[in-house]
Structures are given as structure tokens and as C-alpha cells.
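The values are calculated or read from the model by the stated rules, or taken from the named source; none is laboratory data. On a predicted model such as this, the values are computed, not experimentally measured, just so you know. With ideal geometry, Cβ positions are generated from the backbone for all residues, glycine too; neighbour counts draw on all protein chains shown.
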Amino acid sequence: MVKAIVGANWGDEGKGKITDMLAKEADIIVRFQGGANAGHTIVNDYGKFALHTLPSGVFYSHTTNIIGNGVALDIPVLIQEIKSITERDVPAPKILVSDRAQIVMPYHILFDQYEEERLGGKSFGSTKSGIAPFYSDKFAKIGFQVSELFEEDILKDKLKRVCETKNILLQHLYHKPLLDPEELLRTLQEYRDMIAPYVCDVSLFLDKALKAGKNILLEGQLGTLKDPDHGIYPMVTSSSTLAAYGAIGAGIAPYEIQKIITVCKAYSSAVGAGAFVSEIFGEEAEELRRRGGDGGEYGAKTGRPRRMGWFDCVASKYGCRLQGTTDVAFTVLDVLGYLDEIPVCVGYEIDGVVTTDFPTTGKLEKAKPVLKILPGWKEDIRGIKEYGDLPESCRNYVEFIEEQIGYPITMVSNGPGREDIIYRKSGLR
Ligand code: GDP
């Protein structure tokens, strides 16, 4: 049985917490896209961790944690991250890395920085982890697969060719130091030795696991609105954030994915540039940011303050639809307990017409939020285990949003820890 855990919005919905929680019953957790550009924050018995590359199942000794072929693999970051958790007494996790995953090269990180510098005020707000240059090279067919680290003759030739083209850009567009293929070869030899213990034919491994009836989780990064096809292009990430891509990025059949758990946060937050219709500003935003998540809404990777907004039913309905949601996990509801009234964005007004369908980017830029004000519950709901024990206004908030987005909220998260979860049997279906 395969379950995918993905985001409905701009990322930071709490996928890490839900994955860590569901990993208890899973055998294998697979990262299938993205790279070290975003992070999951996880709070469990070992402490609080920000993971950028490792799957969120690494805190259980019974799980195998996999970096799938769809990931942008930054080898030094992976090795450092393994060290950072074992140093804090987490037992050494079982990790496998696809032999078909491609490697973030040192120059991808440089090109990311140089391009952001060149674009100045028109930049994409990249985390400068090399992700966009990495995926550009992958699809331009000049990327490096993990398997190629073990084919040194081919590697040498290819490095020479790739450096020639990169150096033209470095010299004439960016005016920066040139790449030396010899030095890069030495770096890749180091990478080979670091990664060798983990390399595996992942799709074959997963095929056998599926035949043996194992439980597999596919862990997404970011959310629907950052998908390069269906998101707010061009303010998107460079690999698909959709559950459907989980089949490709892990190397399994699409029909194996039986459950798609889409994580929605009880309010909105976003990092980076791009339209954000239900965004709020000033003191109102600052208070939600300070109280939000677990210790405030600041980027797990960059520490940047996240942009804040009210829950957006238009974006979330769309986000859930594109994921193919079977279940919604509704997170961080506890944070809203301080508000007398809670606005929710129920429509977009574009050129005088109200719609509940999420538009393409040009129209989105013109959209104004149509807000409905719901009563708050003014109570701390942490520690509550039964849905029926939530305050009535809180249940009304959940059920109003469920109705608006049209997908069943079967889990409500009321705290950052593994145990802070309320299962709802009914939901919409
Ligand atoms: P991800 O990238 O989707 O995993 O999201 P992040 O980890 O970046 O952001 C979610 C933040 O919210 C983290 O700090 C979590 O510890 C925290 N969190 C997750 N679920 C809850 C919840 O139900 N309540 C509270 N207060 N915090 C939560």
C-alpha cells in the first residue's frame, strides 16, 4: 500500500509532522522530488529537527528511508544531515539513495547565486540551493546521475564538455571565476566515496517491497501552488510537487498510490515572491507569524519571516484537486485559538467578477479576496484527542472549510508533536 503526503498550498503546511506521525505504521518513506531548498520541522521524543534532504521517517529504527530518483541530491548536505541527527542520539537511520538520482553540483549552487544577483529586484527569491540550475541541467541532459560517479572514464569526458559551456556563461554573462574540470573530478570522487554505502536500484527495491505487502509513504516537498505546471508559474519550484509525480520520482506504478493525504494549514503562509491573495500585513500578520507553527513562521531553510494570510478556500480547493486528495490533514489549528473572529477567503474578485476557481498567474495578480468572517473559539485546544471535544466554533471552522474545499478532513492536527492529532471518522465521505 502506498500513501502520498503532499501539500495543498505554498509549502510549510506541516507535511513533516504528518509524515513523522504516519511513519510509525510504515516500512519505507521515500522523498520523490525537490532538494535541500525547503525544510520540514519535526518535533518528537529526540527533540526538534529541521530536515532538508532526509525523509521524515528517519526517527524510527524500523523504517527504510529513501532518496528517490526525482530528488536533487546534494551529497555533502545529506551526509551532514545524517551526522546532525546521529549526534543528537537518534539511532543511525537506514538510508538508500537511488542510483538514478542526479547530483547537485557545486556550480549549480554558484549559478543559483549568480543568477539571483544578476536579476536583482526581479529575482525569484531562490533559497540558492542550486535547485533551478540543477533541474535545468537534468532536462538539458547535462546532469550527473549517481550511477555515473562509478564510471570514471565517462565522467572525465563529460565534465570537460560541461565545463566548456558553463565557462562561457561564467566568463561572459556573470564575470565570475571559471570551473576547472580536474578539480570537479576530485570533488566527484569524494562524493562517490561518501554516497557509495547508500546506493541502490530503488525502483527494483520498491517493486519487491510492494510484492511483499510493505507500507510505503511518499513524502512531498512544498505544495501544489509551487508546481511548475499547475502552480503560480514562474514563481514555482523546478520539480513537480504533485502526488502523481511520486510514481515517477520513486519509480513505481501510478496505480500503486492508493491514498493521497493532502496537508492544509488552518491559515496560510508563503515564502518567496508571487501572488498571495489572502495575504495580511502589519501587526495582524506579525502576531500570526509570531504565534504560528511551532515557534513562529520563519523559513526552516533560510530563517526568513514567512508571508502570512488567512485560510484560502479557492487556492486550497484547487490544491487538493490537483493532488487527487483522498484525505485532508488540517494542521496548526491550535494556533488560531487567540482570535475573536477568523476571516477566511472564500472567493476571488477578478475584474468585478467573483470566482471560486483558481486562475492562471496573470489573473491571479489582479484577484482581491472575498472574506467571510467566522467566530473564533478563544480556547487552547492542544491536548484534545476527540473531535467532539473541540469547541463548537472550532468544529464549525473545520466543517465550513471542508465544505468549501470539497475534500474530507479526516485528520486535525492540534500541536506540533506526534501525538497531537485528532482522527475524524466521518469527514465528507
Ligand atoms: P512542512 O515543510 O510542510 O513539513 O512544514 P514545516 O515543517 O516547514 O512547517 C510546519 C511547522 O508547523 C513546523 O514548525 C511544525 O513543527 C509545526 N506544526 C505542524 N503541525 C502543527 C500543529 O498542528 N500545531 C502547531 N502549533 N504546530 C504545528
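Annotations
- Failed item in (1) assigned to a strand (DSSP E or B); (2) of a type outside the set (A, V, I, L, M); (3) away from the ligand (no atom under 16 Å from the Cβ), with LYS48 passing the rest: (3)
Conditions tested, residue by residue: (1) buried (at least 21 other Cβ atoms within 10 Å of the Cβ); (2) within 19 Å of the chain's Cα centre (by Cα).
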position: THR63; (1), (2): yes, no
position: ASN69; (1), (2): yes, yes
position: GLU87; (1), (2): no, no
position: GLU116; (1), (2): no, no
position: LYS138; (1), (2): no, no
position: GLN145; (1), (2): no, no
position: HIS172; (1), (2): no, no
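- Considering (1) more than 15 Å from the ligand (Cβ to nearest atom); (2) outside any helix (DSSP H, G or I), the lone condition that ARG418 does not fulfil carries the number (1).
- Hey, TYR407 closer than 24 Å to GLY347 by Cα, touching a helix residue (DSSP H, G or I) at 6+ places or on another chain (Cβ under 9 Å), more than 16 Å from the ligand (Cβ to nearest atom) and touching a residue at least 24 places away in the same chain (Cβ under 8 Å) or not: yes
- Being on the phi < 0 side of the Ramachandran plot, surrounded by fewer than 24 Cβ atoms within 10 Å (Cβ to Cβ) and at pLDDT 95 or above is a property that holds for ASP27.
- Only one of the listed residues (VAL77, VAL97) is buried (at least 22 other Cβ atoms within 10 Å of the Cβ), more than 15 Å from the ligand (Cβ to nearest atom) and more than 30 Å from PHE358 (Cβ to Cβ). That residue is VAL97.
- On inspection, TYR397 does not qualify as part of a loop (DSSP other than H, G, I, E, B) and at negative phi.
- Note on the stretch 334-355: residues that are under 29 Å from LYS378 (Cβ atoms) and β-branched (Val, Ile, Thr) amount to 4.
- Single unsatisfied condition, PRO177 versus (1) in a loop (DSSP other than H, G, I, E, B); (2) surrounded by 13 or more Cβ atoms within 10 Å (Cβ to Cβ): (2)
- Index of the failed condition, SER129 passing every other in (1) closer than 30 Å to GLN323 by Cβ; (2) free of Cβ contacts under 8 Å to residues at least 40 places away in the same chain: (2)
- Residues in the stretch 8-33 that are within 10 Å of the ligand (Cβ to nearest atom) and within 19 Å of ILE95 (Cα to Cα): GLY16, THR19, ASP20, MET21.
- Scope the stretch 190-233; condition among the small types (Gly, Ala, Ser), within 21 Å of ILE252 (Cα to Cα) and in a helix (DSSP H, G or I); matching residues: SER203, ALA209
- Just one of the numbered conditions (1) part of a helix (DSSP H, G or I); (2) away from the ligand (no atom under 14 Å from the Cβ) is not true of PRO369: (1).
To keep it simple, each residue is scored yes or no on (1) touching a Ser or Thr at 6+ places or on another chain (Cβ under 6 Å); (2) over 27 Å from GLU392 (Cα atoms); (3) not polar (S, T, N, Q).
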{"site": "ARG306", "(1), (2), (3)": "yes, yes, yes"}
{"site": "SER316", "(1), (2), (3)": "no, no, no"}
{"site": "ARG321", "(1), (2), (3)": "no, yes, yes"}
{"site": "ILE342", "(1), (2), (3)": "no, no, yes"}
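- A single member of CYS345, CYS264, CYS320 is outside any strand (DSSP E or B), out of contact with any His (no Cβ under 9 Å at 6 or more places or on another chain) and in contact (Cβ under 8 Å) with a residue 12 or more places away in the chain, and it is CYS320.
- Top-ranked residue of the stretch 277-307 - restricted to ones that are away from the ligand (no atom under 13 Å from the Cβ) and crowded, with 23+ Cβ neighbours inside 10 Å, ranked as nearest to ALA367 (Cα to Cα): VAL277
- Flag for ILE381 being part of a loop (DSSP other than H, G, I, E, B), within 16 Å of the ligand (Cβ to nearest atom) and of a type in the set (Val, Ile, Thr): yes
- Test: residue in the stretch 285-294 that is modelled with pLDDT under 95, under 20 Å from SER123 (Cα atoms) and not β-branched (Val, Ile, Thr): no
- Of residues in the stretch 243-276 being closer than 18 Å to VAL314 by Cβ and more than 14 Å from the ligand (Cβ to nearest atom), the one surrounded by the fewest Cβ atoms within 10 Å (Cβ to Cβ): ALA275
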